[in-house]
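Visitor: Take this structure first; my questions come after.
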Amino acid sequence: MNELRFEKLEKPDYATREAFNSMRTNLQFCGDDVKVVMFTSCTPNEGKSTVTVELARSLGEDNKKVILIDADLRKSVLVGHYGIKSKSEIYGLSHYLSGQRKEEEIINHTDLTNVDIILAGPVVPNPTELLGNHYFTELLERLQQAYDVVLVDCPPLGWVIDAAVIAPMCDGVILVVESGAISYRYLQEVKKQLEITGCRILGVVLNKIAVERGGYYKHYSGKYGKYGGKYYGGKYYGRYGGKYYGRYGGQYEEYK
């Protein structure tokens with residue numbers, strides 16, 4: 001099994017660590033039947049992947065055996081953003097779902113305590129179809145037997161249908177929302193899409209909160225502010241084009 005290194009993952013300061021410890025505790029109080037948790041957002045650039053990685057780290061440090069699945073088969077940001085490196089070739093989720101690799105070949109150890117990871121793999125032309133096939137459902141069923149917590153990082157539900165396809169396979173979903181960037185109406189539309197899937201909404205993470213200079217959380221908020229569009233902006237999703245229509249009704253935005 002590969003050993004991956006997060007070369008660009010910074011050590012959290014006190015405020016950041018406490019925020020995710022609190023989130024970890026809240027998740028644990030959702031019940032021991034909540035093992036597969038999906039993360040999504042309304043749009044790109046809301047800090048969803050960062051929140052998922054930091055929660056995985058916090059859970060691992062609390063002696064929970066965690067696996068993080070990067071289910072963004074359109075444009076993953078984890079490898080580039082965190083400088084993930086390995087001494088051998090890395091295979092990802094798209095390799096497995098397309099039948100090219102076995103399960104044991106895509107699971108990687110990391111230098112984070114008690115945290116394993118499955119990376120997205122190469123971009124594919126049919127991500128929705130791959131994520132909706134029985135291979136992914138069966139993979140999640142096996143992983144929840146082997147790990148205490150399975151975290152699934154999904155693309156933004158307000159832009160593409162993938163998260164709605166994955167949601168019924170999960171025990172709960174956490175919605176990451178950038179403060180001041182998403183309208184109430186837009187957020188309600190995404191919430192309705194999640195409700196239709198039948199997946200339990202565990203809560204919302206309000207991210208990138210602006211605070212007054214000199215305040216207790218100044219450094220924490222500023223740190224999250226730097227995860228900008230160059231990592232997960234609309235320009236990445238624009239290369240796929242077209243309109244997306246949810247299986248549960250509703251039209252997704254067109255982007256070019």
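Visitor: Out of Tyr236, Tyr227, which single residue is modelled with pLDDT under 75, assigned to a loop (DSSP other than H, G, I, E, B), under 28 Å from Leu97 (Cβ atoms) and within 19 Å of the chain's Cα centre (by Cα)?
Guide: Details: Tyr236 fails: assigned to a loop (DSSP other than H, G, I, E, B).
Unique residue meeting the criteria: Tyr227.
Visitor: Has the stretch 84-99 got any residue that is charged (D, E, K, R) and crowded, with 21+ Cβ neighbours inside 10 Å?
Guide: Of the stretch 84-99, the ones charged (D, E, K, R) are 85, 87, 89.
In the following step, the residues that additionally are crowded, with 21+ Cβ neighbours inside 10 Å were identified as none.
There is no residue in the stretch 84-99 that is charged (D, E, K, R) and crowded, with 21+ Cβ neighbours inside 10 Å.
Visitor: What number of residues within the stretch 137-158 satisfy the criterion of being part of a helix (DSSP H, G or I) and within 22 Å of Leu59 (Cβ to Cβ)? Walk me through it before giving the result.
Guide: Taking the stretch 137-158 first, the residues part of a helix (DSSP H, G or I) are 137-146.
So of that shortlist, the ones also within 22 Å of Leu59 (Cβ to Cβ) come out as 139-146.
The qualifying residues number 8.
Visitor: Now a separate question. Please determine whether any residue of the stretch 60-71 is polar (S, T, N, Q), at positive phi and more than 15 Å from the chain's Cα centre (by Cα).
Guide: At the first step, the residues of the stretch 60-71 found to be polar (S, T, N, Q) are 63.
Checking which are at positive phi leaves us with 63.
If we keep only those that are more than 15 Å from the chain's Cα centre (by Cα) too, we end up with 63.
Yes, there is a match, as at least one residue in the stretch 60-71 is polar (S, T, N, Q), at positive phi and more than 15 Å from the chain's Cα centre (by Cα).
Visitor: Something else about it: Of everything in the stretch 118-161, what is out of contact with any Gly (no Cβ under 8 Å at 6 or more places or on another chain), β-branched (Val, Ile, Thr) and over 22 Å from Asn45 (Cβ atoms)? Give them in sequence order.
Guide: Val124, Thr137, Val149, Val150
Visitor: Report yes if some residue within the stretch 143-153 is crowded, with 21+ Cβ neighbours inside 10 Å, out of contact with any His (no Cβ under 7 Å at 6 or more places or on another chain), free of Cβ contacts under 8 Å to residues at least 40 places away in the same chain and closer than 30 Å to Glu195 by Cα; otherwise report no.
Guide: No.
Yes or no, residue by residue, for (1) under 15 Å from the mean Cα position of the chain (by Cα); (2) in a helix (DSSP H, G or I); (3) free of Cβ contacts under 8 Å to residues at least 24 places away in the same chain:
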site: Val160; (1), (2), (3): yes, no, no
site: Val165; (1), (2), (3): yes, yes, no
site: Val173; (1), (2), (3): yes, no, no
site: Ile182; (1), (2), (3): no, no, no
site: Tyr186; (1), (2), (3): no, yes, no
site: Lys191; (1), (2), (3): no, yes, yes
site: Ile196; (1), (2), (3): no, yes, no
site: Leu202; (1), (2), (3): yes, no, no
site: Val205; (1), (2), (3): yes, no, no
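The values are calculated or read from the model by the stated rules, or taken from the named source; none is laboratory data. Just so it is clear, the structure is predicted and the values come from calculations on it, not from any experiment. In this analysis, Cβ positions are derived from the backbone assuming ideal geometry, glycine residues included, and neighbour counts consider all displayed protein chains.
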